[in-house]
């Protein structure tokens, strides 16, 4: 399998369903995020292997939704190589309830993304419904519309040396591509607005991955790129992003809540650090996706939250309903499970705690649900029903001059109907009601 194919296989593990467990019966409604677009939407990075797992802007936005105290779920419809035309075709077919083939959506997609046939077969039926249920739709689309043009132009072409006729033809071709992009994007946003007029939509503009050097004399140069070609492309990018702004404004005037994530400003401030362009790949690195995730999140919530730095030896942070638990009694991990001092977690949840010293049992109640956890027991009681504990038992943790009862965090949280999400990359457990 090629690196791209292996990466695609890893992506496919996550592409077919929301990345969080469905909300349990009787729990609060989920906050649903739908991601649409190309390889950047999919979270692809250069050098992906079969073991690679995407951690793109979508994952960062998902985590920020959890940070907002939302029971977030997300599903990613990002396809490597997808153009605006392909996304429009896919959406149109999904709304019509039609089965589609690769040729119906965009010919040659499987050359870029080996997942595509399976995705179209399995996900077309859910695409429209997921958008109807969505609170948020994130979009990254358009870059592939212009790759062929850039390759045909050639980055070493001296545009200034072209004949007047060739310059006009070149500009006309770029203008036609921009017009086609904006027309199709208008259709896409119209379809999204029809499916879910109350959704918050955030779409990225287009960044141009050209390294820039500022010389001591103040002159700007573009390594390995003819300056005239770079300036021509930057002018086209400015036009493209301005036209995107016009389309977004028009749909905003129609009542759609839509904003632009300024990928150009975010990525171009440090192209070499945030993308793999020095290796010939335009995709963001991990740091680039983090920056994009922050930009999307700030459009949605006006902030990007992080946990406090952890002290040495503290393995994990715990965030409950959007607030980090800060305590002198640090979380403990045993056999892959997180344990927390009982009073810390119940106070954070707003739950009632009763302690039976005779049986060493903590009884925790919230919103009509009750969980009984006994120190040393291999089972717990949830609303009076005994269930096996899928973790080591609760125990007494020794501290200087005192002992604290430590409970398995997930068992208590799930017993009370909370959503539990562990994010490995950030080493954070999110608990949301």
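For the stretch 197-216 and the stretch 295-322, what is the separation of their Cα centres, given in Å?
One Cα centre to the other: 24 Å.
With viscosity set to 0.692 mPa s at 37 °C, what whole-number translational diffusion coefficient in µm²/s follows for the stretch 270-329 from Stokes-Einstein and a Kirkwood radius over Cα pairs?
Translational diffusion coefficient: 232 µm²/s.
Which residues does the label zone of residue 149 cover in the stretch 173-188, counting backbone N under 11 Å from a point 7 Å along Cα→Cβ?
Residues 173-182 qualify, since their backbone N sits under 11 Å from the label point.
Can you sort 33, 373, 260 from fewest to most other Cβ atoms within 10 Å of each residue's own Cβ?
Details: 33 27, 373 24, 260 19.
With the fewest neighbours first, 33, 373, 260 line up as 260, 373, 33.
Please report the spacing between the Cα centers of the stretch 77-117 and the stretch 364-433 in Å, no decimals.
44
So the label point goes 7 Å from the Cα of residue 303 along Cα→C-beta, right? Which residues of the stretch 414-433 then have their backbone N under 19 Å from it?
In the stretch 414-433, the label zone of residue 303 (backbone N under 19 Å from the point 7 Å along Cα→Cβ) covers 428-433.
With only alpha-carbon atoms in the gyration tensor, what are the semi-axes of the equivalent ellipsoid for the stretch 235-370, in Å, largest first?
Whole-Å semi-axes of the equivalent ellipsoid: 46, 22, 10.
How long is the stretch 125-186 along each principal axis, judged by its Cα atoms, biggest number first, in Å?
So the three principal-axis extents are 53, 21, 19 Å.
In cubic angstrom, how much convex hull volume per residue do the alpha carbon atoms of the stretch 109-261 span? Intermediate results must be reported in sequence, preceding the final value.
On the way: hull volume 22.3 nm³, N = 153.
Taking the convex hull of the Cα positions in the stretch 109-261, it is 146 Å³ per residue.
Run the paramagnetic zone check for residue 379: 7 angstrom along Cα to Cβ, then residues of the stretch 325-366 with backbone nitrogen under 18 Å.
So the set is 359-364.
What percent does the relative contact order of the chain come to when contacts are Cα pairs within less than 8 Å and at least six residues apart?
Working: 781 pairs, mean separation 64.4, N = 433.
Dividing the mean separation by the residue count of the chain yields 15 percent.
Based on the Cβ-Cβ distance from residue 352 to residue 215, what FRET efficiency comes out when R0 is 60 Å, to the nearest 0.05? If you can, show how the numbers build up before the last one.
Values: r = 68 Å, r/R0 = 1.13.
Here the calculated transfer efficiency is 0.35.
Largest first and in whole Å, what are the equivalent-ellipsoid semi-axes of the chain based on the Cα gyration tensor, each being the root of 5 times an eigenvalue? List each step's numbers first, then the result.
Values: eigenvalues 454, 116, 68 Å².
That gives 48, 24, 18 Å for the three semi-axes.
If you take the beta carbon distance between residue 95 and residue 158 as r and set R0 to 45 Å, what does 1/(1 + (r/R0)^6) give as a FRET efficiency, to the nearest 0.05?
On the way: r = 47 Å, r/R0 = 1.03.
Once rounded, the FRET efficiency stands at 0.45.
Quick check: residue separation of residue 425 and residue 310 times 0.36 nm, minus the Cα distance between them. What number comes out in nm?
Values: separation 115, 0.36 × 115 = 41.40 nm, distance 1.42 nm.
Length gained, residue 425 through residue 310: 40.0 nm.
May I ask you to sort 60, 424, 251 by Cβ crowding, counting other Cβ atoms within 10 Å and putting the fewest first?
424, 251, 60
Along Cα→Cβ, 7 Å out, is where each label goes; now give me the distance between the ones at residue 249 and residue 227 in nm to one decimal.
It works out to 3.3 nm between the two label points.
Taking a ≥ b ≥ c as the square roots of the eigenvalues of the Cα gyration tensor of the stretch 317-432, is the shape rounded (a/c under 1.5), prolate (a/b larger than b/c) or oblate? Intermediate results must be reported in sequence, preceding the final value.
Details: a/c = 1.40, a/b = 1.15, b/c = 1.22.
Taking the square roots of the gyration eigenvalues as a ≥ b ≥ c, the stretch 317-432 is rounded.
Counting residues in the stretch 304-376 as N, plug N into 2.2 N^0.38 Å and put the Cα Rg over that result.
On the way: Rg = 13.8 Å, N = 73, 2.2 N^0.38 = 11.2 Å.
So the Cα radius of gyration is 1.22 times the expected 2.2 N^0.38 Å.
Computed from the coordinates by the stated procedures, all read-outs in this text should not be read as laboratory data. Everything quoted here is computed from the prediction, not taken from an experiment. Every residue, glycine as well, gets a Cβ built from its backbone with ideal geometry; the counts of neighbours run over all protein chains shown.
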